[in-house]
Amino acid sequence: MNRLEIENLGISFGGIKAVDSVSFSAAAGEVTSIIGPNGAGKTTLFNLISGVYAADTGHVRIEGADVTGEPPHRLARRGMARTFQNLQIFPQMTALDNVMTGCHLRETSNLLADLLGLPSSLRETAKSRGLALSALERVGLANLAARPASELSYGQLKRLEIARALVTGCSILLLDEPAAGCNAVETREVDDLIHAIADEGVCVVLIEHDMRMVMRISSHIVVLDQGSKIAEGKPEEIRDNERVIAAYLGAHGAAEARAAHA
Amino acid sequence: MNPTLKALLITLALVVAGALIFPSSYYFRVGSLIWINTISVTGIVVLLGYVGLVSLGHAGFFAIGAYAVAVLPGYGVPSGAALFVGAAAAGLLAMVIGRPILRLSGYYLAIATLGLGMLIWMVLTKESWLTGGPDGMVVAGFNPRHWFALVGIKMKSTEAWYWLTGLVATIGVVLAVNLGNSPWGRALRAVHDSDVAASSLGVDVARAKVVAFAISAVYAAVAGSLLALANGYITPDTAGFMHSVEMVTMAVLGGATTVYGAIVGSLILTALPQVLTFVAEYEHIVLGGVMVATMVAMRRGLVPALGDLAHRLAMRGRSK
């Protein structure tokens, strides 16, 4: 049984099938990448999996349990965490507070204790601070912990979101273009980080446009085009797949690519 | 410094400073009003500043607290206990009403809460057998002077009220600061900045909003009880629309993201009309002018804007 199973998932917006009956599964300890040209429905698929949108068709299963239609905060309880393509950080908080918010589900103090500032509440906050600091360390942002998040660069915010998702202690991590806005060195760091996360047994699902990165770190690749899955397989199988090349480059480009290879 | 201790010391210092410089009962009376407003506006800061929800109906909760101490003593409930009953009633009502209306946001929510405030005002005006109707009702005598006398401190009633409201405001401010730095507070502020991200981290956004709404309703009710007891008289105008607007205005002018904004906003908008009595009929023009100028120059409110300024000056000083 795979940790995350997607079956015939679909949604339409005003008659256009943004995601059309997509199925795939993702295993623990592996990186499963979802690729496809712009507008293929990758982020919409993420929003369906993470409960932001309600699916018209299909099912999402976590460890075999049907979680279709559950709201995002319940899915978070089941171990799902995600980052966002168009950044959903908390700009009024410091970088550290952003990540500490990711500890929400670990924190057990009640409202009254929080209002009164009881030791139980202060202990939880101290614990969260420790976890958040080590997560910031891990993504290379420890030196910016006290900065307001609004002062961080795009690439730094992408990594801040990863740190925030990591402290939840997730078992399924959805990463939406984590390397966007990163330079070559930073991309390499993100690459290593994702590797390390997967090695710890987390089921990582990745949307990424940097093909070199995708080919390097994915165990499994799912290709979307115009809402439908057009191919699925290991990186080397996808690299040479005619339909994938055609989707990215068009039929003419695919012919030229073939000619260049020959 | 520990933020709780800082809030405690700053607020207490302001209470003591007021008591030291006030020359007459009249000043102590205005001081009490400032602290009462600080309490209700601190509730608005929790709702508007922490979670980002606008309510134009909080005068309704304020009036629930006020009428609790006016009505309940007639049925044998002591004034002190009536205050807690009023606060609990306001909190419960906020939780019940909050579920459906907090699905709205922005001006839709503002209009829904406006309706809630008007409903409460209407009940208070129409049910005259219980509330005295539009004429209002007398609030049974309660004087904190006797409390202070018990521990051997003799003072005038106005002074006693000043100290009592100042101490309750201090507690209110400290609790709000505690909340802001706690696990719940982070969840609330996360909802303010991005409810999508907050829910992806496991925050139950609907519940967080209801909790903040209920907390702010309790603050408003406590402030209402204190005002009714201090005045000894109450009318349905306390539930009026203008009073709700006043609370939000104080929060925004002072800076809704911080409890210190609640103190500064209450101080300015309570004291300024008193100061401006010498310009008589131009009072509202000057008051309006001050508000417009402040918001244009410092849209985040006085306290955050001055904080930024101090920060920038400190940075410049260091770089030299």
Item to complete: Would you please name the residue that is farthest from A:Ala26 (Cα to Cα), looking only at residues in region A:129-159 that are out of contact with any Pro (no Cβ under 8 Å at 6 or more places or on another chain) and within 11 Å of another protein chain (Cβ to nearest Cβ)?
Response: A:Arg129
Item to complete: Tally the residues that are assigned to a helix (DSSP H, G or I) and surrounded by fewer than 22 Cβ atoms within 10 Å (Cβ to Cβ), restricting the search to region A:174-213.
Response: 16
Discussion item. Quick test for you: out of B:Gly202, B:Gly172, B:Gly180, B:Gly185, pick the one residue that is within 14 Å of chain A (Cβ to nearest Cβ), crowded, with 22+ Cβ neighbours inside 10 Å and under 23 Å from B:Ala228 (Cα atoms).
Written reply: B:Gly172
Discussion item. Of all residues being more than 7 Å from chain B (Cβ to nearest Cβ) and open to solvent by 10 Å² or more (accessible area, probe 1.4 Å) in region A:90-108, which is farthest from A:Asn38 (Cα to Cα)? Just the residue, please.
Written reply: A:Thr108
Worksheet, complete the sentence: Of the residues in region A:65-81, those that are open to solvent by 40 Å² or more (accessible area, probe 1.4 Å) and away from chain B (no Cβ under 11 Å) number 3
Item to complete: Among the candidates B:Gly301, B:Gly307, B:Gly288, single out the residue that is open to solvent by less than 40 Å² (accessible area, probe 1.4 Å), touching a helix residue (DSSP H, G or I) at 6+ places or on another chain (Cβ under 7 Å) and of a type in the set (Gly, Ala, Ser).
Response: B:Gly301
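The values are calculated or read from the model by the stated rules, or taken from the named source; none is laboratory data. Since the model is a prediction, treat every value here as computed from it, not as a measurement. Note: ideal-geometry Cβ built from the backbone for every residue, glycine included; neighbour counts use all protein chains shown. Just the protein is used for accessible areas: all its heavy atoms, side chains included, with ligands, DNA and RNA removed. Shrake-Rupley method; radii C 1.70, N 1.55, O 1.52, S 1.80 Å.
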